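Read through the structure below, which is laid out as structure tokens, and then see the notes.
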Amino acid sequence: MTGQQLATRARGYVQRAQEELLVATSPMEINSARHALELAYGLFDVDIYQQKYACTAPSLALIDDIASLLDNDQIDPFDAAHALFIPVQCLTSIEMNQLDRRGMAINHFSDSTRRHNQVLTYSSLLIFALGLLFWAMHQRQLRRTQRATAEKLSWMARAMRDPLTGIGNRSALYQDVVAYSNRSMGLILVDIDFFKQYNDALGHPEGDRLLRQLATLLEEALGEEAKLYRLGGDEFAALLPCPTDKALAQFCEAVQVGLEEAQCPHPAHPDNKGVTLSIGGARFVADATSFAAAYEAADKALYQVKTAGRDGWQITASA
């Protein structure tokens, strides 16, 4: 098979694994997805890909990590399916590049044919016609691939965003952790205190407005380097470069200060306060496996704030 065909076949197996993981309800279905990942890995692990495409090594490592986590039941199948968008995107770019390389070879062949027109006129005309036919076929296939890739990338972009606030969702968080591999990062989890009471008192439209306002507040408080996510309901997360625990504490404090300055009213707050937040944070060196421990640590810190009466922040030791 050609380099493009190998990439296409490998992408097909990764997407099959995604489809099976999204509906998996039994160990047998997860094992079937695991087998598809093994097949994809074998087709993907090619020297030419390793040498020419920088995304190959991280994508192979991610497939291997996800397969290992699935074997040990350490990752939710839905999260694993979304994390596999990274190797799918890498394989799609390899397919496009391989098609371009084939097009360059066809164009070179056509140029060579034209140079020999005066020597072998009729033969050259025939070869030139064949070259045009191959070029037309290539252009047709290239347009189809470009349309399919554009549609896929558009769908992937929508799948990575929270439709209410416009910030990232849980799948985008997993993808960004991989992108920050081996960097010291801070993870901050944020919950709105007594959000249900807020909705009951003012209605869900006002609750949605508060969620959008909180996304804006987090962006202003944490700065341009922070990546923001809505994980569901009133739970938000932020991922940002963070060299020390002291810096992480300053980020949490900045969120608290920003909320106090915003003075958001909460007519149903049990303590007669405005809107308050519970914030938990943890610092870690980003990779596919350490993130789970960091998330657990930040969630534990958040829970401790809640049990202490809410309206505060806490961080744990570096993960």
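Given Asp73, Asp64, Asp79, which one is among the charged types (D, E, K, R) and assigned to a loop (DSSP other than H, G, I, E, B)? Break it down stepwise before answering.
On the way: Asp64 fails: assigned to a loop (DSSP other than H, G, I, E, B); Asp79 fails: assigned to a loop (DSSP other than H, G, I, E, B).
So the residue among Asp73, Asp64, Asp79 that is among the charged types (D, E, K, R) and assigned to a loop (DSSP other than H, G, I, E, B) is Asp73.
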Asn117 vs (1) farther than 21 Å from Ala17 by Cβ; (2) out of contact with any helix residue (DSSP H, G or I) (no Cβ under 8 Å at 6 or more places or on another chain); (3) at pLDDT below 85: all pass except (2)
Residue count, segment 21-33, condition surrounded by 17 or more Cβ atoms within 10 Å (Cβ to Cβ) and under 13 Å from Ala67 (Cβ atoms), comes to 3
Of (1) modelled with pLDDT of 95 or more; (2) surrounded by 14 or more Cβ atoms within 10 Å (Cβ to Cβ), Thr149 satisfies every one except (1)
Restricting attention to segment 155-197, the residues that are among the basic types (Lys, Arg) and farther than 19 Å from Gly233 by Cα number exactly 1
The strands (runs of 3 or more DSSP E) lying entirely within segment 214-319 that contain at least 2 residues which are in contact with a Ser or Thr (Cβ under 6 Å, 6 or more places away or on another chain) are 277-285
query = Do we have any residue at all in segment 21-36 that's under 30 Å from Arg101 (Cβ atoms) and either among the aliphatic types (A, V, I, L, M) or under 20 Å from the mean Cα position of the chain (by Cα) (or both)?
reply = yes
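This table checks each residue for (1) more than 23 Å from the chain's Cα centre (by Cα); (2) over 21 Å from Met160 (Cα atoms); (3) modelled with pLDDT under 95; (4) of a type outside the set (Gly, Ala, Ser).
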residue: Gly207; (1), (2), (3), (4): yes, yes, no, no
residue: Leu210; (1), (2), (3), (4): yes, yes, no, yes
residue: Leu218; (1), (2), (3), (4): no, no, no, yes
residue: Leu228; (1), (2), (3), (4): no, no, no, yes
residue: Leu240; (1), (2), (3), (4): no, no, no, yes
residue: Gln250; (1), (2), (3), (4): yes, yes, no, yes
* Condition test on Ala57, is it crowded, with 18+ Cβ neighbours inside 10 Å, touching a helix residue (DSSP H, G or I) at 6+ places or on another chain (Cβ under 8 Å), of a type outside the set (Asp, Glu) and not assigned by TED's automatic domain parsing to the domain that holds Leu231? -> no
Just one listed residue, out of Ser59, Ser26, Ser68, is among the small types (Gly, Ala, Ser) and more than 26 Å from Asn182 (Cβ to Cβ), and it is Ser26
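When you look at Gly223, is it on the phi > 0 side of the Ramachandran plot, exposed (fewer than 14 other Cβ atoms within 10 Å of the Cβ) and in contact (Cβ under 8 Å) with a residue 24 or more places away in the chain, yes or no?
Working: on the phi > 0 side of the Ramachandran plot: yes; exposed (fewer than 14 other Cβ atoms within 10 Å of the Cβ): yes; in contact (Cβ under 8 Å) with a residue 24 or more places away in the chain: no.
No.
Conditions (1) at pLDDT 80 or above; (2) closer than 24 Å to Arg11 by Cβ; (3) over 37 Å from the mean Cα position of the chain (by Cα); (4) not acidic (Asp, Glu), marked per residue:
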position	(1), (2), (3), (4)
Val46	yes, yes, no, yes
Tyr49	yes, yes, no, yes
Leu62	yes, yes, no, yes
Phe78	yes, yes, no, yes
Phe85	yes, yes, no, yes
Gln98	yes, yes, no, yes
Arg102	no, yes, no, yes
Phe109	no, no, yes, yes
His138	no, yes, no, yes
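Can you tell me which residue within segment 202-211, out of those that are out of contact with any Leu (no Cβ under 7 Å at 6 or more places or on another chain) and either closer than 17 Å to Leu259 by Cβ or free of Cβ contacts under 8 Å to residues at least 60 places away in the same chain (or both), is surrounded by the most Cβ atoms within 10 Å (Cβ to Cβ)?
Going residue by residue through segment 202-211, those that are out of contact with any Leu (no Cβ under 7 Å at 6 or more places or on another chain) are 202-207, 209-210.
With the extra rule that they be either closer than 17 Å to Leu259 by Cβ or free of Cβ contacts under 8 Å to residues at least 60 places away in the same chain (or both), the set shrinks to 203-207, 209-210.
Values: Gly203: 11, His204: 10, Pro205: 9, Glu206: 12, Gly207: 18, Arg209: 13, Leu210: 20.
Ranking the qualifying residues of segment 202-211, first place goes to Leu210.
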Of the residues in segment 37-61, those that are of a type in the set (Phe, Trp, Tyr) and either over 23 Å from Met96 (Cβ atoms) or part of a helix (DSSP H, G or I) (or both) come to Tyr41, Phe44, Tyr49
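The values are calculated or read from the model by the stated rules, or taken from the named source; none is laboratory data. Only a predicted model underlies this, so the values are computations on that prediction, with no experimental measurement involved. As a convention, Cβ positions derive from the backbone with ideal geometry for all residues, glycine included, and neighbour counts pool all protein chains shown.
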